[in-house]
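Just so it is clear, none of the values below were taken in a lab; they were calculated from the coordinates. No experiment lies behind these values; they were computed from the predicted model shown. So basically every Cβ, Gly included, is an ideal-geometry build from the backbone, and we count neighbours across all protein chains shown.
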Amino acid sequence: MTEALGSTATPESGRPEDEAPARKGRRGGRRGKKGPLGRLALFYRQIVAELRKVVWPSRGQLSTYTTVVIVFVLIMIGLVTLIDYGFNHAVDYIFG
């Protein structure tokens, strides 16, 4: 009883039935009409556009990040070496 007179809106869509879009055929607009080379060119243009959005680190930040990664890798190598050395001696003691 609360609906206005003449309203054609449906609760599911929220828009009048007269304004429902009629979609037929292929979707995608102009993109579907390009050939393989056109799509490849579009792909590379999108790659370049995304790379321009990237905030690249300065030289100082890059050297700091590189140093941190190298130190972390060296620490992990040392830790794995110690664990391997310990397991090696444990296996020699148990089965040796």
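When peptides 72-84, 49-61 are ranked by their average number of other Cβ atoms within 10 Å per residue, the highest-first order is 72-84, 49-61. Taken one residue at a time, the phi angles of segment 84-96 give Karplus couplings (6.51, -1.76, 1.60, θ = phi - 60°) of 4, 4, x, 5, 4, 5, 5, 5, 4, 5, 6, 9, x Hz. Gly and Pro are set to x.
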